[in-house]
Amino acid sequence: METDTLLLGFGDYREPARRLADFLGLGFREVEIHHFPDGESRLRLPPELPPRVILCRSLDHPDDKLVELLLAAGGARELGAGELILVAPYLCYMRQDKAFHPGEVVSQRIIGHLLAGAFDGLITVDAHLHRVHRLSDAVPTRRSVNLTATLPMARFLERELDRPMLIGPDAESEQWVAAIAGHEGLDYRVARKERFGDREVRVTLPGADYGGRDLV
């Protein structure tokens, strides 16, 4: 087992982080978190850390997670970690990459620089990049890696489903849907989406023969 690197996980993402550590041959420890009644968190890390620390947490429902992640990163630095790498399979706040109305905050840029100030490297999967095409432009760490899951997804769908057809909900999704479909020559369509609010959406499917197809 490698001794100069430790993977730290969080309770809400414990098992995927542990499996990653096992796959890489790394030690695994969980960040201990206590939540106070006022909403604040107290974190506890292993008192002795190796030179390189990987923090693994998926950043869905991100606001509380981000604060705890930054606390963990700062604490790891104080305990002697020289290199910090964030593994975030889902990377939050990437959608808002432009101010669409006066005064609107471009959260991608702000959160990206916040993470870059705390971590030396970042690994994520299929980050939601639209007008920004490189992950390093959104999160300017020394090393930023945007992996893609399109190939294993395509192989899974081809293996498990009968005549699968992929449906993208809107034009923006076509980049991912087309990439998945392209690996195995799968059929796909892209719907038209009209948004009337955060939870009010109308989706119109394109014309196609959907009979007998496994729709994804």
Selection status of Ile180, part of a helix (DSSP H, G or I), farther than 25 Å from Ile85 by Cα and within 19 Å of the chain's Cα centre (by Cα): yes
Working only within the stretch 60-79, note down all residues that are in contact (Cβ under 8 Å) with a residue 24 or more places away in the chain and either within 14 Å of Arg44 (Cβ to Cβ) or in contact with a helix residue (DSSP H, G or I) (Cβ under 6 Å, 6 or more places away or on another chain) (or both). Glu68, Leu70, Leu71, Ala72, Ala73, Gly74, Gly75, Ala76, Leu79
Only one residue in Arg109, Arg95 is part of a loop (DSSP other than H, G, I, E, B), among the charged types (D, E, K, R), at pLDDT below 95 and surrounded by fewer than 21 Cβ atoms within 10 Å (Cβ to Cβ). Which one? Arg95
Condition met for Leu114 (assigned to a helix (DSSP H, G or I), more than 29 Å from Arg77 (Cβ to Cβ) and among the aliphatic types (A, V, I, L, M)): no
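The values are calculated or read from the model by the stated rules, or taken from the named source; none is laboratory data. None of the values given here were measured: they were computed from a predicted structure. FYI the Cβ positions are ideal-geometry reconstructions off the backbone, even for glycines, and counts take in every protein chain you see.
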